[in-house]
Amino acid sequence: MEITFWIYRWIKLLLWLLFGLLLFELSRLLMFIYHYEQFQTLSGWALIKIFWGGLRFDLVSVVMANSLVILISSFPLNWSKYKWMKWILVVNFIIFCVFLIFNLIDIPYFSFIHKRSTADIFFQLGGQTDVLKQLPEYLSDYWWIFLLSAFFFYISYRWYYINFFTIFKRDWSYPFNKKSLVFFIINLLIITLFYILSVRGGTQRIPLDIVDAGFYAEPQYTALVINTPFSIIKSIEQKQLESLSFFNDEENIQQLRLVKKYSFEKMMKKNIIVIILESFSKEYTALGQRESFTPFLDSLMKLSIVFENAWSNGTKSIEGIPAIISSMPTWMDNPFINSLYCNNNTHSFPLLLKKENYFSAFFHGGINGTMNFDAYARQAGFDAYFGKNEYNNDKDFDGYWGIWDEPFLQFAAQKINTFKQPFFCAIFTLSSHHPFKVPEKYQNILPQGKLPIQQSIAYTDLALKKFFDVIQQQEWYSNTLFVITADHTGISEDAYYSSIAGRYQIPLLIFNPENIRPMKEKNVIQQIDILPTILHLLNYPHIFFSFGNNYFENKNHYAVFYENGTYYLADDSNLYSMQNFKIEKCWQYNHTELKEIQVNDSILKIREEYLKRIIQAYNNTLINNNIYEHIRKN
């Protein structure tokens, strides 16, 4: 009787868990099919390895999602006698469905962030006061995800009902005696061991983590190995960065030259306007050697210093803004703005330029509070913030995110004209964000391209042209240095620009109307290099701290980014991936392909040492919040 009782419970439980694993594997297959352009180079054996390895990560999520039913299955209770058991089963099913829907929603969302969602998605949703307005558009664009979810929920419910709710009709009382107690203890030990091993992901010393996906796939494919609930859970668990000790901290900071003091006595007090274009991939411009949707930006490049090999340090706006304004990258799972270190001391453009009596303003047409940009602007030292509230005219509201780019850039031009010089302005555009709409009057005028984003890129480029048409008539225009770049790349169907290299490559130019000297720079530059480079060009005389480097005095040009537990370093021709602080792969990149190559061991040693140095400096500086201590010692 006792053995039959537990076997019956175990069969029911295992059948349900196996069903959950099947649904997660089907979700992985759909991810592969939907993003085939990015995964098309995978061989059949590599795919088998990914799907097999993915079961380890899926088991963690499936078991955690079903913790309640595992718990009540561990005890010899007659379910039919307790009505509250039904409610536990209902709650358990809801939790499982939440896990499942996060996994499904990431299928289309992967196009935008190029990785599995992490815990910061909750912060973003919390800061998106316009989510309800966007929901109809998401339902329209990705209706199939909701139908798919409904189908998954239905078959899950049917199988769940068969497995567990039928127990209320067939369950029997468990006899309580010495023999049954022994069976109960044995069962409890077995199920506890099963639960612990499943949630840990095995018997290894350290619980399964995102970085372990590298055992089953090359770094650029690890997002296919893990699942979204696992990614979210692990990023929540990451309470603090790991303190590293490869090198002496003080000597490491000096070696990397993160504390900077240029040999100037007086600054050229030019105005500075940094224009950050939403989702502007290099691919969409003339630099991408594909069809360009940015005729104005392309024409401005002919008059500017153009960096032909510029890289972003992240895949989200919330990662790109601090990288550009504060030289602060996100080399961890949670964006800096939403991390434990968001209140750390940083050296941003506004804070550093206050020493030279600059006025500073941040412009973003989005709904105030979106992604906490207004809070970040205050922390970064901006004197003023201009968003949708300050624009104060809802007739130009796009219905989703905020004010259309064309009218908002005109508003920015008018406001800037009232500022006392010298000033620093950051202008972050909006309209080339999903759902990629353009005003009705331009829908049949602007080129559409193959992807919806491309027409919205053309619209923002037109808005940028009209912005320059207005400001070039102002007296402050000639005394202004313009920096134009992107927060991150956009979606792509191109094989190269969907690769781990192409999806981090962005446009970057510096335009000086007073001293037009067109130049084409071919070496690597990254977003965090913008701050030290601009300060050097303007003869900034004060000491400051920056994770980036001045492009024009740096001998070794690198770009560093972090994705799915893997660190990447790009030099002028190659891209390297590092896991567990050891370089595992190297690719050669260009505009057409990403090809794995073998590199001389001495070069690998140099790149590996640099990555270990910069990551140690990043982790330990954020943990200790000690940039001013570094400055004092240097």
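The values are calculated or read from the model by the stated rules, or taken from the named source; none is laboratory data. All of these numbers come straight from a predicted model, not from anything done at the bench. Virtual Cβ from ideal backbone geometry, glycine too; neighbours counted across all protein chains shown. With ligands, DNA and RNA removed, areas are computed over all heavy atoms of the protein, side chains included. Shrake-Rupley method; radii C 1.70, N 1.55, O 1.52, S 1.80 Å.
Mind telling me which of the residues F93, F99 ends up being in a helix (DSSP H, G or I), within 30 Å of Y568 (Cβ to Cβ) and aromatic (F, W, Y)? Spell out how you get there, then give the answer.
Working: F93 fails: within 30 Å of Y568 (Cβ to Cβ).
Exactly one of F93, F99 is in a helix (DSSP H, G or I), within 30 Å of Y568 (Cβ to Cβ) and aromatic (F, W, Y), namely F99.
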Please state which one of L68, L55, L135 is assigned to a helix (DSSP H, G or I), at pLDDT below 70 and aliphatic (A, V, I, L, M). L135
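Results for (1) modelled with pLDDT under 95; (2) among the polar types (S, T, N, Q); (3) in a loop (DSSP other than H, G, I, E, B), shown as yes or no for each residue.
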| site | (1), (2), (3) |
| --- | --- |
| F293 | no, no, yes |
| L303 | no, no, yes |
| G320 | no, no, no |
| A323 | no, no, no |
| M332 | yes, no, yes |
| L340 | yes, no, yes |
| N344 | yes, yes, yes |
| L352 | no, no, no |
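What residue, of N625, N564, N574, N554, is closer than 16 Å to N523 by Cβ and out of contact with any strand residue (DSSP E or B) (no Cβ under 8 Å at 6 or more places or on another chain)?
That would be N554, the only listed residue that is closer than 16 Å to N523 by Cβ and out of contact with any strand residue (DSSP E or B) (no Cβ under 8 Å at 6 or more places or on another chain).
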Only one of S299, S235, S292 that is among the polar types (S, T, N, Q), surrounded by fewer than 22 Cβ atoms within 10 Å (Cβ to Cβ), without any contact (Cβ under 8 Å) to a residue 40 or more places away in the chain and touching a Ser or Thr at 6+ places or on another chain (Cβ under 7 Å): S292
Looking at region 13-26, I want the residues that are farther than 21 Å from I48 by Cβ and have a partner that is in a helix (DSSP H, G or I) and open to solvent by 70 Å² or more (accessible area, probe 1.4 Å) with Cβ atoms under 9 Å, at least 6 apart or on another chain. Which pairs are those? L15/W159; L15/I162; W16/W159; F19/W159
Name the residue that is nearest to the chain's Cα centre (by Cα), counting only residues in region 429-452 that are surrounded by fewer than 23 Cβ atoms within 10 Å (Cβ to Cβ) and either closer than 26 Å to F349 by Cα or basic (K, R) (or both). K437
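With the structure loaded, tell me whether N309 is under 25 Å from L611 (Cβ atoms) and in contact with a strand residue (DSSP E or B) (Cβ under 7 Å, 6 or more places away or on another chain) or whether it fails that test.
On the way: under 25 Å from L611 (Cβ atoms): yes; in contact with a strand residue (DSSP E or B) (Cβ under 7 Å, 6 or more places away or on another chain): yes.
So N309 passes the test.
Which ones in region 453-473 are free of Cβ contacts under 8 Å to residues at least 60 places away in the same chain and surrounded by fewer than 18 Cβ atoms within 10 Å (Cβ to Cβ)? I'd like the intermediate steps shown before the answer.
Initial filter on region 453-473 (free of Cβ contacts under 8 Å to residues at least 60 places away in the same chain): 456, 459, 463, 467, 469, 471-473.
Hits for region 453-473 are D469, Q472, Q473.
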For region 318-363 the number of residues that are touching a strand residue (DSSP E or B) at 6+ places or on another chain (Cβ under 9 Å) and more than 15 Å from A380 (Cα to Cα) is 4
Looking at region 369-378 only, could you name the residues that are within 21 Å of the chain's Cα centre (by Cα) and at pLDDT 80 or above? F373, D374, Y376, A377
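Quick grid of which residues meet (1) aliphatic (A, V, I, L, M); (2) farther than 27 Å from I318 by Cα:
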{"position": "F423", "(1), (2)": "no, no"}
{"position": "L430", "(1), (2)": "yes, no"}
{"position": "P439", "(1), (2)": "no, no"}
{"position": "Q448", "(1), (2)": "no, yes"}
{"position": "D469", "(1), (2)": "no, yes"}
{"position": "Q473", "(1), (2)": "no, yes"}
{"position": "Y477", "(1), (2)": "no, yes"}
{"position": "D487", "(1), (2)": "no, no"}
Long-range neighbours under 8 Å by Cβ, at least six apart or interchain, first residue more than 17 Å from L508 (Cα to Cα) within region 553-564, second of a type in the set (V, I, T) and surrounded by fewer than 23 Cβ atoms within 10 Å (Cβ to Cβ): E563/T315
Does region 232-287 hold any residues that are over 30 Å from E475 (Cβ atoms), charged (D, E, K, R) and within 25 Å of the chain's Cα centre (by Cα), and which are they? K234, E237, K239, E242, K282, E283
Residue among A223, A217 that alone is surrounded by 22 or more Cβ atoms within 10 Å (Cβ to Cβ), at pLDDT below 90 and either in a helix (DSSP H, G or I) or at positive phi (or both): A223
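Take N590 and decide whether it is at pLDDT below 95 and of a type in the set (S, T, N, Q).
On the way: at pLDDT below 95: yes; of a type in the set (S, T, N, Q): yes.
In short, yes.
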Could you grab me the full set of residues in region 496-525 that are out of contact with any Ser or Thr (no Cβ under 6 Å at 6 or more places or on another chain) and open to solvent by 60 Å² or more (accessible area, probe 1.4 Å)? N515, I516, R517, P518, M519, K520, K522
Could you tell me whether any residue of region 242-251 is surrounded by fewer than 19 Cβ atoms within 10 Å (Cβ to Cβ), touching a Lys or Arg at 6+ places or on another chain (Cβ under 8 Å) and among the charged types (D, E, K, R)? yes
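For every residue, the table says whether it meets (1) open to solvent by 10 Å² or more (accessible area, probe 1.4 Å); (2) in contact with a helix residue (DSSP H, G or I) (Cβ under 6 Å, 6 or more places away or on another chain); (3) at negative phi; (4) among the aliphatic types (A, V, I, L, M).
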{"site": "I528", "(1), (2), (3), (4)": "no, yes, yes, yes"}
{"site": "I534", "(1), (2), (3), (4)": "no, no, yes, yes"}
{"site": "N539", "(1), (2), (3), (4)": "yes, no, no, no"}
{"site": "H542", "(1), (2), (3), (4)": "yes, yes, yes, no"}
{"site": "F547", "(1), (2), (3), (4)": "no, yes, yes, no"}
{"site": "Y558", "(1), (2), (3), (4)": "yes, no, yes, no"}
{"site": "Y568", "(1), (2), (3), (4)": "no, no, yes, no"}
{"site": "D572", "(1), (2), (3), (4)": "yes, no, yes, no"}
{"site": "Y576", "(1), (2), (3), (4)": "no, yes, yes, no"}
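Output the residue which, of all residues in region 302-322 that are polar (S, T, N, Q) and over 30 Å from G369 (Cβ atoms), is surrounded by the most Cβ atoms within 10 Å (Cβ to Cβ).
Going through region 302-322, the residues polar (S, T, N, Q) turn out to be 304, 309, 312-313, 315, 317.
Then keep just the ones that are over 30 Å from G369 (Cβ atoms); that gives 304, 309.
Details: S304: 23, N309: 21.
Here the answer is S304.
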In region 578-631, how many are part of a loop (DSSP other than H, G, I, E, B) and open to solvent by 50 Å² or more (accessible area, probe 1.4 Å)? 7
Kindly evaluate E609 against the criterion of being acidic (D, E) and touching a helix residue (DSSP H, G or I) at 6+ places or on another chain (Cβ under 8 Å). no
Selection status of K395, modelled with pLDDT under 95, in a helix (DSSP H, G or I) and either open to solvent by 20 Å² or more (accessible area, probe 1.4 Å) or within 27 Å of D494 (Cβ to Cβ) (or both): yes
Under 7 Å by Cβ, and 6 or more places apart or on different chains, what pairs join a residue from region 188-208 that is exposed (fewer than 12 other Cβ atoms within 10 Å of the Cβ) with one that is in a helix (DSSP H, G or I) and hydrophobic (A, V, I, L, M, F, W, C)? T203/L197
